[in-house]
Amino acid sequence: MDNLLCTVQKPGRYLGNEVNLPQKDWPHCSLRVVLAFPDVYEIGMSHLGLLLLYQILNQQDWIGAERVFAPWPDMEAGLRSKGRPLVSLESRTPLAAFDIVGFSLQYELGYTNVLTMLELGGIPTRTAARQSGLPLVIGGGPCAFNPEPVAPFFDAFALGDAEELILEMAETVDEWKKQGGKRLELLKALAALEGVYVPEFFKLTYGRKGRIAEITPRFPEKPRVSKRILSNLDLSQPSESPLVPCARVIHDRLSLELARGCTRGCRFCQAGIIYRPIRERSPQEVLRLVDQGLSNSGYDELSLLALSIGDYTGIEELLQRLVQQHADGRVAISLPSLRVGTLNERMIEAVKRVRKTGFTLAPEAGSERLRRVINKRVNEIALLDAVRSVYSAGWRLVKLYFMMGLPTERDEDRDELVELALKVWREAKHNGAGLHVSVSTFVPKPHTPFQWEKQLPLEEVDQHLTFFKKHLRRKGLQFKWHLPWQSRLEGVFARGDRRLAEVLLLAQRLGCRFDGWSDQLRPDLWGQAFAGAGVDPFFYGQRARDFQETLPWAHLDCGVSEDYLWEEYQKALAEVVTADCRIEGCTNCGVCDHTRIKLQLHQGTDTDSMATEQGRREADGSYRYWLVYTKTDSARFLGHLDMVTVFQRAMRRARLPLAYSQGYNPSPRISLGDALPVGIESLAEEMEVTLNQPVTGSEICRRINAELPPGLETRKAEERHHKVPKEGLRVVTYEAALAGETWPPEGIHRFLNQSLQPLRQRSKRGETLIQLESRLLEVESLNPETIRIRLTEGEHGNIRVRDLLMHLFGLPEEQILDARIVKTSSEPREG
């Protein structure tokens, strides 16, 4: 049986069915880094920043950067029960064995997962308990602009753009390792780098009312830490061969950052402040990176990222060029951050040409008055015009995002939100389309004009939600909301200080995990944690601050001055709008020095200079091919839908001339056979693919196999001049081997003696009684551990082979799940 399962071993570009993995001798790299994302793989692998840092570090021969993600609670329980540590994805190394453990801190509700990952990785949670210098625990991301609630757990934080800073930090640690200095010397060397904050070097003292009295630097020559700014976005180079998961992730597409920063000045938006100034990637670089990324990944969807994608200079010309270049590959383009004022007919027309990927619009507030308060320059007429254009262009769903609890919000503002949503709903109804309306609770964030504001109490949040649920109940309108307790926790930790570390420790010990997941949040346990630590959440969330109060992040400089933020806050209360600095000139926020650090805008898109050799080609016929492939080893854990995605992307990377379906969402004409149960291997899987040019069968196999992950291999490709019918009886053969045990002989005796009881097989449609006498053709022992069975499938449904083995041999499900089952052949039944 072992020689039946031998497959072609792929080079090191694959791991766990990922494509384009860096080839490294991980354990022997001079500096070992693990990038830790405090959420599940499907979330973390959708995050552009993680993938960018992974690529930057692994471009250096001497650095081995690996990944680790938060284990789901059942996996955590399994690790703890077996006494196993949390290990990296690439080399399965425990976290404690790395030189640097770098956490991406995107969201305050991931903090308990950070503690769990440190604990499972064998690293003391508090820095004070770590005896040796390594591993260093470093944090980065938007939460690093006020990391005080988790400061006792981190050695250092990276503030701002990390493309250059991450390598400087790595070089500093590597040099310290070679010289063998003290831990304090390493921390001082890191703190000397622009953008690095070492919490140990700042002491917070508190006054009688619990407010911060003073933040004292240990080294007076550096009283504040300034963020790092990448002056030119073209210097940020994502990989031309992106890492592609074979399992589905949340954002399963090629993503490219078109611009960083924003000039709109929405007063609630932290990202719009901390990522200033605006820097646009050059259109020529965009086209090059998109072309390489799509070719080397096999993705059929492109997402262009920016805080306000419609503000990108020359966005219409760029979209048209991208659509023209990649229309033959039916590449869909999504724009996830469109502002109403930037949306026009030409943009809609360009995006809809291939596939309608959905439209999301964010008015944020329901009334014109409240939009002036938050500096959201969107009027109702423009919004409704945009909605009409989107629906008339063929989109079947629009999503609207609002906030409640914004500063100065009144009852009439909520009334107007409902009225605006219903006006959009009427447009949806007129076009036979749908509408999703989402309302989240406003959370005041550090480094924004609203950082001094109070947050809405839970009781009022519940009252407002009841109001919205009552008035937004319409057919075709789906109302969604953010859980009030999640917003409360986010607000507490967003503006918290180091005293909250004890709350986090208690919450994690009580069992709080994945607090950003609504089905995992435990408000009862959080209540116990606050009470146990003697901390009142009201102090951090629902209390307004004044300008004289020392805020926990006062020593961390995002580039925008506090005076400017306070001035913006006062203008908000007066309902005065601030102009966009890219249009009406500098507003003196303080981030630009107007020499190295300044707005980086391009002078439109020169479409002539971006012309490529790609031209549009009409299909010259249809050629249908029947393929046989194997699915073994780790590939057996890929589900049926994942398999479809894997083959689609492999064929795109292989440059096969795929034919596409017509209609609303064109897709490659690829049809896989019946779904194989997850965990079962096969040497005889079938699929059908249609090409618009003839290719020899051997060439199809060669090109696809070069792009498939380990465990998948095409063995045969033949042209068929007619569609292969799926109907009809087939004879399928399986071989099954128990793990170190023998099959009970009674099962074979029952088959030979024709004493088989009917098999009861349950499904979502109910229970089916299968008479095995006509379906089970052979049960044969190949050796004490391995049997072969032959059965018919097709006309009356398929027999689940695991159910059959349990039924025939009387073995428990756990034992059958551990068995190695291989489908060795599948042939039409004659006669």
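Here are a few things to note about the model shown:
- Taking every protein chain into account, the accessible area of the chain amounts to 42 square angstrom per residue (probe 1.4 Å).
- Segment SER561-PHE547, extension gain: residue separation times 0.36 nm, minus the distance between their alpha carbons: 3.8 nm
- Percent of Cα-Cα distances greater than 16 Å, calculated over region 710-831: 66 percent
- Heavy-atom accessible surface of the chain: percent carbon and sulfur, 1.4 Å: 49 percent
- The convex hull defined by the C-alpha atoms of region 294-410 has an orientation-averaged projected area of 8.0 nm².
- Calculated FRET value between LYS454 and SER132, using beta carbons and R₀ = 41 Å, to 0.05: 0.40
- Solvent-free Debye scattering, log10 I(q)/I(0), computed from the Cα coordinates of region 199-269 at q = 0.12, 0.17, 0.22, 0.27 Å⁻¹: -0.75, -0.91, -1.05, -1.21
- Cross-link partners of LYS571 among lysines (Cα-Cα below 19 Å; sequence separation of 8 or more within a chain): LYS376, LYS445, LYS454
- Cα long-axis angle, helix 315-326 against the chain (0 to 90 degrees, to the nearest 10): 10 degrees
- Only protein heavy atoms count here; under a 1.4 Å probe, SER392 has an accessible surface of about 90 Å².
- Estimated at 0.36 nm per residue, the fully extended path between CYS586 and GLU719 surpasses their Cα-Cα distance by 41.4 nm.
- Accessible area, probe 1.4 Å, largest first, for residues HIS749, HIS555, HIS602: HIS749, HIS602, HIS555
- Mean-position separation - Cα centroids, region 675-701 and region 12-73, in angstrom: 30 Å
- Computed [θ] at 222 nm, helices only, for the chain once each DSSP H run of length n ≥ 4 contributes -39500 (n - 2.57): -9000 deg cm²/dmol
- Calculated FRET efficiency, GLU163 to SER781, Cβ-Cβ distance, R0 = 56 Å: about 0.35 to the nearest 0.05.
- Each Lys and Arg adds +1 at its Cβ and each Asp and Glu adds -1 at its Cβ; summed about the Cα centre, the chain shows a dipole of about 1000 debye.
- Options GLY527, GLY585, VAL40, ranked by Cα towards positive dipole end of the chain, top entry (Cβ charges): GLY527
- Between region 505-559 and region 381-459, the C-alpha centres lie 27 angstrom from each other.
- With DNA, RNA and ligands ignored, accessible area of VAL822 (1.4 Å probe; Å², nearest 10): 0 Å²
- The chain, relative contact order [Cα under 8 Å, separation at least 6], %: 12 percent
- For the chain, with +1 on Lys and Arg beta carbons and -1 on Asp and Glu, the positive-most of TYR564, ALA737, PRO245 along the dipole: TYR564
- The distance between label points at LYS470 and SER634 comes to 5.6 nm (points 7 Å beyond Cα on the Cα→Cβ vector).
- Region 373-429: radius of gyration over Cα atoms, expressed as a fraction of 2.2 N^0.38 Å: 1.23
- Inter-centroid distance (Cα atoms) of region 758-831 relative to region 102-136, Å: 48 Å
- Considering only GluC sites (Glu not before Pro) in DSSP loops that have at most 11 other Cβ atoms within 10 Å, the longest stretch of the chain without any of them is 222-612.
- Here LYS598 is the anchor, and the lysines within straight C-alpha reach of less than 20 Å, apart from those fewer than 8 places off in the same chain, are LYS227.
- Bridgeable aspartates and glutamates around LYS209 (alpha carbons under 13 Å apart, same-chain partners fewer than 8 residues away excluded): ASP536, GLU549.
- Accessible surface ranking that places the most exposed of LYS475, LYS423, LYS823 first, with a 1.4 angstrom probe: LYS475, LYS423, LYS823
- Stretch in the chain that is longest and holds no chymotrypsin sites (Phe, Trp or Tyr not before Pro) that DSSP places in a loop and that have at most 12 other beta carbons within 10 Å: 63-546
- Degrees between helix 500-510 axis and first principal axis of the chain (Cα, 0 to 90, nearest 10): 20 degrees
- The gain in end-to-end length when the SER295 to ASN379 segment is fully stretched comes to 26.2 nm, 0.36 nm per residue minus the alpha carbon separation.
- Largest-first principal axis extents, alpha carbons of region 233-275, Å: 40, 25, 12
- Cα-based helix-to-principal-axis angle, 484-494 vs the chain, degrees rounded to 10: 60 degrees
The values are calculated or read from the model by the stated rules, or taken from the named source; none is laboratory data. All figures in this text were calculated on a predicted structure; none of them were measured in a lab. In this analysis, Cβ positions are derived from the backbone assuming ideal geometry, glycine residues included, and neighbour counts consider all displayed protein chains. The area values use the complete protein model at the heavy-atom level, side chains included, leaving out ligands, DNA and RNA. Shrake-Rupley method; radii C 1.70, N 1.55, O 1.52, S 1.80 Å.
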